[in-house]
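Asker: Once you've had a glance at the structure underneath, I'll fire off some questions.
The values are calculated or read from the model by the stated rules, or taken from the named source; none is laboratory data. Everything numeric here is computed off the predicted structure, so don't read it as measured data. Every residue, glycine among them, receives a Cβ derived from its backbone with ideal geometry; neighbour counts consider all protein chains shown. Surface areas here come from the heavy atoms of the whole protein model, side chains and all, with no ligands, DNA or RNA. Shrake-Rupley method; radii C 1.70, N 1.55, O 1.52, S 1.80 Å.
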Amino acid sequence: MDGKESLKTNEQIIEELTKDLESSCIKVDEKSASNEGAESTLDSGDSKDSDGKVVTESGDDETEQDTNVPKDFIDEESLKDRELTLSESEKETLKEEADKLKNQGNDFFKKGDYTEAVSMYTQGLQTCPLAYNKERSILYANRAAAKSKLLEKEPAISDCTKAIELNPDYVKAYVRRAQLYEETEKLDEALEDYKKVLTFDPAHTESNYAVRRLPPLIQERNEKLKAEMLGKLKDLGNMVLKPFGLSTNNFELQKDPNSGGYSVKFHQHHS
């Protein structure tokens, strides 16, 4: 093969260049199509506008639902407004309806259907006029019992508190809240509730036992918390002292038997 035969014509050079360019364009187009296909699986029927907002098929922006309001929330302001227009007989009728809802809730509770029980008690609270404190306190206390069975302990505590606010002498609500406080490791609050029960019923068995049982547990918890706090302080101190070649072991607290105060004594450890 001579030199002339090895030389490529201009047409051959152009053909090779355009071939490489064509293959690279095909790869880019395939990649774009793949990305568009993946994005289409993110939603069904919704699209994004030029600002990146998700819009529905009707073109409206998708609004975020308010999830901060509990489903069993009782809007007492609305109940107050409603009550302004009610006659005494109408209030009495609503109280009777609320009592029926409470009884239905009790039936569901006895069957072990605590979710439906909560729903019935909530409807009762939405029906019963605010003027009937005792009836509403019972509804709150019963709802707390059902929530407790559903392991919704903090909401149950809130319902007990509401029951007590409406009826400050409601022993059963204090006992239930004390139990829930203890279950959620709020031992100090539990002890206070049990003590309160004894002011109403000095012979209350559970409360008498609790006021003897809880103080040692509270002391044990406090000692544990103190040890954990001192451990963290020691770690912090060692971190600060390390650049100086020191540690908290170089310092000792000494109590003055006369004044009861403390002084710090430094020890230099030699290697």
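Asker: State all residues of segment 80-115 that are under 33 Å from the mean Cα position of the chain (by Cα) and closer than 10 Å to LEU125 by Cα; if no residue qualifies, say none.
Answerer: Passing the criteria: ALA98, ASP99, LEU101, LYS102.
Asker: Considering (1) open to solvent by 60 Å² or more (accessible area, probe 1.4 Å); (2) farther than 21 Å from LYS71 by Cα; (3) of a type in the set (D, E, K, R), say which one GLU116 fails and leave the rest.
Answerer: Only one criterion in (1) open to solvent by 60 Å² or more (accessible area, probe 1.4 Å); (2) farther than 21 Å from LYS71 by Cα; (3) of a type in the set (D, E, K, R) is unmet by GLU116, namely (2).
Asker: Let me ask you something else. What tally of residues in segment 129-154 results from selecting those that are touching a residue at least 12 places away in the same chain (Cβ under 8 Å) and either crowded, with 24+ Cβ neighbours inside 10 Å or under 16 Å from PHE109 (Cβ atoms) (or both)? Spell out the reasoning first.
Answerer: Restricting attention to segment 129-154, the residues satisfying the condition of being touching a residue at least 12 places away in the same chain (Cβ under 8 Å) are 129-150, 153-154.
Within this subset, residues satisfying the condition of being either crowded, with 24+ Cβ neighbours inside 10 Å or under 16 Å from PHE109 (Cβ atoms) (or both) are 136, 138-150.
Total meeting the criteria: 14.
Asker: Can ARG213 be described as of a type outside the set (Phe, Trp, Tyr), farther than 26 Å from ASN133 by Cβ and part of a helix (DSSP H, G or I)? Steps first, please.
Answerer: Values: of a type outside the set (Phe, Trp, Tyr): yes; farther than 26 Å from ASN133 by Cβ: yes; part of a helix (DSSP H, G or I): yes.
Criteria met by ARG213.
Asker: For segment 70-81, which residues satisfy the criterion of being in contact (Cβ under 8 Å) with a residue 40 or more places away in the chain and part of a helix (DSSP H, G or I)?
Answerer: GLU76, LEU79, LYS80
Asker: List, please: which pairs have Cβ atoms under 9 Å, are six or more places apart or on different chains, and start with a residue in segment 205-229 that is within 15 Å of GLU192 (Cα to Cα) and end with one that is surrounded by 11 or more Cβ atoms within 10 Å (Cβ to Cβ) and among the basic types (Lys, Arg)?
Answerer: Taking only residues 6 or more apart or on different chains, the pairs are SER207/LYS195; SER207/LYS196; ALA210/LYS195; VAL211/LYS195.
To keep it simple, each residue is scored yes or no on (1) modelled with pLDDT of 70 or more; (2) closer than 30 Å to VAL171 by Cα; (3) open to solvent by 100 Å² or more (accessible area, probe 1.4 Å).
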site: TYR209; (1), (2), (3): yes, yes, yes
site: LEU214; (1), (2), (3): yes, yes, no
site: LYS224; (1), (2), (3): yes, no, yes
site: MET229; (1), (2), (3): yes, no, yes
site: LYS234; (1), (2), (3): no, no, no
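Asker: Mind checking which residues of segment 155-203 are of a type in the set (D, E, K, R), surrounded by 21 or more Cβ atoms within 10 Å (Cβ to Cβ) and either touching a residue at least 60 places away in the same chain (Cβ under 8 Å) or farther than 11 Å from TYR140 by Cα (or both)?
Answerer: Within segment 155-203, ARG176, ARG177, ASP193 meet the criteria.
Asker: Same structure, new question: Being open to solvent by 70 Å² or more (accessible area, probe 1.4 Å) and either within 23 Å of LYS147 (Cβ to Cβ) or in contact with a strand residue (DSSP E or B) (Cβ under 8 Å, 6 or more places away or on another chain) (or both) is the filter here, so list the residues in segment 78-97 that pass it.
Answerer: Once the filter is applied, which keeps residues that are open to solvent by 70 Å² or more (accessible area, probe 1.4 Å) and either within 23 Å of LYS147 (Cβ to Cβ) or in contact with a strand residue (DSSP E or B) (Cβ under 8 Å, 6 or more places away or on another chain) (or both), segment 78-97 yields only GLU97.
Asker: Which one of ALA156, ALA131 is among the hydrophobic types (A, V, I, L, M, F, W, C) and within 20 Å of LYS95 (Cα to Cα)?
Answerer: Numbers: ALA156 fails: within 20 Å of LYS95 (Cα to Cα).
One residue alone meets the criteria, ALA131.
Asker: Does LYS100 satisfy being under 23 Å from ALA146 (Cα atoms) and either open to solvent by 70 Å² or more (accessible area, probe 1.4 Å) or in a loop (DSSP other than H, G, I, E, B) (or both)?
Answerer: Values: under 23 Å from ALA146 (Cα atoms): yes; either open to solvent by 70 Å² or more (accessible area, probe 1.4 Å) or in a loop (DSSP other than H, G, I, E, B) (or both): yes.
The answer is yes for LYS100.
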